[in-house]
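Notes to accompany the following structure.
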């Protein structure tokens with residue numbers, strides 16, 4: 001019993017146990033840092049690319065932006081024109097089909113690559129260690145070199161051509177530009193002289209405008225009291241006119257109310273009716289018409305009136321004859 005206990009705790013045993021423990025820790029840590037699963041919960045798949053520049057081991061495998069696996073290894077295939085064989089460890093709960101594509105795409109502007117799974121409906125579900133279809137997306141530098149740089153070169157050529165034409169035109173019209181600048185200088189000098197000459201007048205005008213503004217804004221004699229007085233005058237005139245109209249209306253209503261107007265109109269209508277009745281009964285009292293003069297001799301004491309009047313005016317004589325006939 002004593003010997004076995006001694007053998008168990010001998011220094012050599014302790015060193016061996018420590019070395020094994022250190023190796024296990026080193027292996028587990030190394031796999032952890034490389035992104036390899038410590039406890040295998042993934043399935044292994046393969047994919048092939050013609051160019052895997054920017055892709056590194058332990059790189060992420062993404063599905064809709066979420067990491068579902070890692071890149072385990074990257075190898076050359078000499079028998080396939082040195083294509084790149086990439087080994088992927090993907091979560092075993094992800095069901096892949098024969099239509100699934102492993103797309104190599106850029107993760108940033110510096111050229112780092114990741115693998116993104118494009119899930120499509122397929123006819124057959126692939127098994128672990130099968131090969132996924134690979135697809136490579138052009139990175140930013142390739143896009144820049146193939147599309148953007150040619151356009152920038154064309155734009156630079158156009159700018160250079162326009163600049164050259166502008167310089168040619170400018171060189172041909174240098175004397176005109178000089179004359180224009182000279183005219184501008186003369187105009188500026190004349191303007192300065194005008195301002196200096198009329199400085200007193202401008203100062204007086206400014207003072208007058210200031211005084212006018214002060215008068216208009218004065219609380220006692222400004223524009224606001226004037227408007228107030230005009231408003232009051234308008235109201236007063238309207239009141240006078242209204243009162244005069246009311247007085248006349250009251251007078252008419254009073255006349256109608258006391259019966260005076262009605263009595264007067266009644267009397268006039270009665271007299272007019274009597275006159276018309278008498279005119280119908282005795283028209284000869286009002287209308288004298290005779291061809292041979294007055295048919296009835298005048299009553300005693302009355303003188304016969306002549307139907308004509310002696311006048312020396314021919315015009316009046318003709319009018320009297322026309323009335324007689």
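General remarks:
- The set of residues from the stretch 153-172 being surrounded by 10 or more Cβ atoms within 10 Å (Cβ to Cβ) and modelled with pLDDT under 80 comprises just one member, 170.
- Index of the failed condition, residue 102 passing every other in (1) closer than 17 Å to residue 42 by Cβ; (2) in a loop (DSSP other than H, G, I, E, B): (2)
- Residue within the stretch 126-139 that is modelled with pLDDT of 85 or more and exposed (fewer than 10 other Cβ atoms within 10 Å of the Cβ) present: yes
- Some residue of the stretch 85-93 being touching a strand residue (DSSP E or B) at 6+ places or on another chain (Cβ under 8 Å), within 16 Å of residue 126 (Cβ to Cβ) and part of a loop (DSSP other than H, G, I, E, B): yes
- Taken over the stretch 27-52, residues that are farther than 20 Å from residue 95 by Cα, at pLDDT 65 or above and surrounded by 17 or more Cβ atoms within 10 Å (Cβ to Cβ) amount to 2.
The values are calculated or read from the model by the stated rules, or taken from the named source; none is laboratory data. Note that the structure is a prediction, hence the values are computed from the model and not measured. In this analysis, Cβ positions are derived from the backbone assuming ideal geometry, glycine residues included, and neighbour counts consider all displayed protein chains.
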